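Note sheet for the following structure.
What follows draws every value from the coordinates through simple rules; no lab data is involved. Note that the structure is predicted; figures quoted are calculated from it, not measured. Glycine also receives a Cβ, built like all others from the backbone with ideal geometry; neighbour counts cover every protein chain displayed.
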Amino acid sequence: MRLTVLGSSASYADAGRACAGYLVRCGSTSVLFDCGNGVIANLSRVLEPTALDAVFITHEHIDHFADIYALQAALRYAPSGPAPSLPLYVPVGLFAKMGAVLGTTGRAELAEAFDVHEIEEGVPLHVGALTVAAYRVDHVEPTYALCAMCDGSRLVYTSDTRAGAAARAASAGAGLLVADATLPDEYAGRSAHMTATEAGQLAHDCGARSLVLTHLWPSVDRVKALADAARAFGGPVTVAQELEEISIGEEE
C-alpha cells in the first residue's frame, strides 16, 4: 500500500501547499481521502484524475472538499468524453450541501459526475484491492477517521479530531497513523483539533509503528511540531509534505 500526500495544510494553504488530500493506492486501486483546495492540481502530477476508483470525504468543512468541483470538471470534460460516475462516499447530507452553491445545471452535472453513497460507520467497503472503514471522531458532527487495509498493512487517517477516546478507538491497530496536528501548543484545547504533542501521544497509545503529522496551520512551526510529536510518541515521525510518497509495507 502506498500513500501520497496531496495536501497537508489546515484551513488555508501556505505557499506551495494544498489543503487536505491523500491518495491511497494498493496494486492498481487508487482511492482519494479528502479533496481540499489545491488537491486536484497535485493529484494530476501523479495520477490522471479519471483513474481514481473512489473518493471519501470525511466531513463538511470546505478545506476537505473544495476541489470536488474541480474533480467534477475533470470527470465531466475528460478528453475522451465524460468519464463514468465516480463512487463518492460522504457523511449524511453533505452532497446536498455541495450542490447548494451551484445553479440547476451545476447540480445536475455534479450528480452525473458522482455515484454518491453515505458513509456508514464501521462498515467495511471493498474498493478493488483496498478495504476502507470509517469511524466517528470528535470534530463537527459527523466526522470520520478512515482506515485503509491492504495486504496486511493498516493505514489510519484521523481526519480532524480532538484527542480522546474516539480518536483512540478509530486509530487502534494502525501501522501508519496520519494524524491531525493542527494546533500550536498555545491553542491547545481551543478548537476541535490536536496539537503535535497530542498526535504523538495518540500514536503511542494506539501502538502505531510510525506517525505522519498533517493538517497543520501555516503558522505552525513544523520543525517544533516534529520534535514535540517525537517526544510523546517515541517512534518514527515525519511531517507530511506535498507529493511525498510512503510505501507502507516498507515503513512498517
Per residue, the convex hull volume that the Cα atoms of the chain enclose (Å³):
112 Å³
Here segment 1-78 gives, from Cα atoms, an Rg and Dmax in Å of 11.5, 32
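When the Cα atoms of segment 52-92 are enclosed in a convex hull and the volume is divided per residue, what value in Å³ results?
Details: hull volume 2.9 nm³, N = 41.
Expressed per residue, the convex hull around the Cα atoms of segment 52-92 is 70 Å³.
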Roughly how many Å is it from the Cα centre of segment 91-111 to that of segment 129-175, as a whole number?
26 Å
Springs between alpha-carbon atoms under 10 Å, Gaussian network over the chain: tell me which of HIS204, HIS59, HIS215 tops the mean-square fluctuations.
HIS204
Can you give the log10 of the normalised intensity I(q)/I(0) at q = 0.12, 0.24, 0.25 Å⁻¹, computed with Debye over equal Cα scatterers of segment 93-165?
-0.46, -1.07, -1.09
Euclidean distance between Cα centres, segment 218-252 to segment 187-207, Å
13 Å
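Going by C-beta contacts inside 10 Å, put GLU186, GLU244, GLU109, GLU198 in order with the fewest on the left. Present the calculation step by step, with values, prior to reporting the outcome.
Details: GLU186 7, GLU244 14, GLU109 20, GLU198 26.
By the 10 Å Cβ count, ascending, the order reads GLU186, GLU244, GLU109, GLU198.
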Work out from phi, with θ = phi - 60° and the Karplus expression 6.51 cos²θ - 1.76 cosθ + 1.60, the ³J(HN,Hα) of each residue of segment 209-219, listed in order in whole Hz, and give x for Gly and Pro.
7, 8, 10, 10, 7, 8, 6, 9, 4, x, 7
Using alpha-carbon coordinates, inclination of helix 104-113 to the longest axis of the chain, degrees
70 degrees
Looking at segment 146-224 from every direction and averaging, what is the projected area of its Cα convex hull in nm²?
4.9 nm²
